[in-house]
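Data first, discussion second: the structure below is written as structure tokens.
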Amino acid sequence: MNEEKLRIVQMVGEGKITAEEAEKLLSAMEASDPAARENTQPAPDREVPPHSEAGSSTTSGETDEDAQSRSFPAAGIRRVRVSFKSGDITVRGADTGEITAVFDGSAPTCEVSGDTLEIKSGGNAFGFFGMGNLRSCNATITLPRDMKIELKSANGDISAEDINADTAVSAVNGDISLRKVSGRLKLSTVNGDLDGEVDSSDARITTVNGDISLRWQNAPQSGRVGASSVSGDIDLAFPAATQASVKMNSVRGDRHSDFPGSGGPFTVQINSVSGDLSVRKI
């Protein structure tokens, strides 16, 4: 249902349907599914299982104490991919020639495949159900600033700082926080907020039940930012020198832009079903 709502909002932004037509479609969807309103409410606060005690066994036969810290030479690795079912992920860029990961909780598996370092947590399948045996793991990872990152967590917050490379972040029940992150961005949340300071001329951002608040540190010269939400507000802020062409569509929310007119080399397209939209100068 939420994916269908996002698609309707995107169709408004693409000029395929009007806001009035979108309103009728959304009303028809909600009328045919009485549970729709419940499904668009934020999930209750998650209960993260207690961390395993150091020295307890893992599925690989190692102890958590043995696997608390791992290091890998950065040479030959272009991407770090982290996928957790329960736990927070923190990634920091630095002037370093290696990748260092410190784990708190049930140790994940770490494997280098081609040019990618993959870090995966154990437990049940990725998703909402069957979480009785889910084991939690928090990770703090330090790596070279120019290394691509792909981060996923079903139940946990994700943060990235000082990254100058393509960044993809996806959270189900958790917030996303970015600081001094540049390069191409692909960000998505279901039940969580997204905020931070970025520098990107190519960003794709989506949320279902969560607010988006991003500030650009420098004025983009060209490119495109696209952001969509179902019930969350979107607030994007750019330096006053930015020459932006702004397009905004909200079926049931308010809209505000500090960039009148159109024709700038940098395009901002934001869409929402019921959230308020704002594009500001800073």
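Once the Cβ-Cβ distance between ARG81 and ASP254 is put in as r, and R0 is 45 Å, what FRET efficiency do you end up with, to the nearest 0.05? Before the final figure, lay out each step's value.
Working: r = 38 Å, r/R0 = 0.85.
It comes out at approximately 0.70.
Annotation: amide H-H contacts under 5 Å for GLY87 (H modelled 1.01 Å from N, sequence separation of 5 or more, or interchain): CYS137, ASN155, GLY156. Within the set of other residues whose C-beta is less than 12 Å from the C-beta of ASP162, count the net charge using Lys and Arg as +1 and Asp and Glu as -1. Its environment carries a net charge of -1. Restricting the calculation to Cα atoms, region 161-282 shows an Rg/Rh of 0.94 when the hydrodynamic-style radius is the Kirkwood one.
Given R₀ = 41 Å, FRET efficiency for ALA240-THR109 by Cβ-Cβ distance, to 0.05? So the FRET efficiency works out to roughly 0.30. With a Förster radius of 45 Å applied to the C-beta separation of ALA31 and LYS186, the computed FRET efficiency comes to 0.85.
Where does each of 194-201, 97-104, 84-91 land if you order them by average Cβ count within 10 Å, highest first?
On the way: 194-201: 19.8, 97-104: 16.9, 84-91: 24.8.
Taking the mean over residues of other Cβ atoms within 10 Å, the ranking is 84-91, 194-201, 97-104.
Every read-out reported here was derived from the displayed coordinates using simple, explicitly stated rules and does not represent laboratory data. This structure is a prediction, so every number in the text was calculated from the model and none was measured. Heads up, the Cβs are rebuilt from the backbone with ideal geometry, glycines too, and the neighbour counts pull from every protein chain shown.
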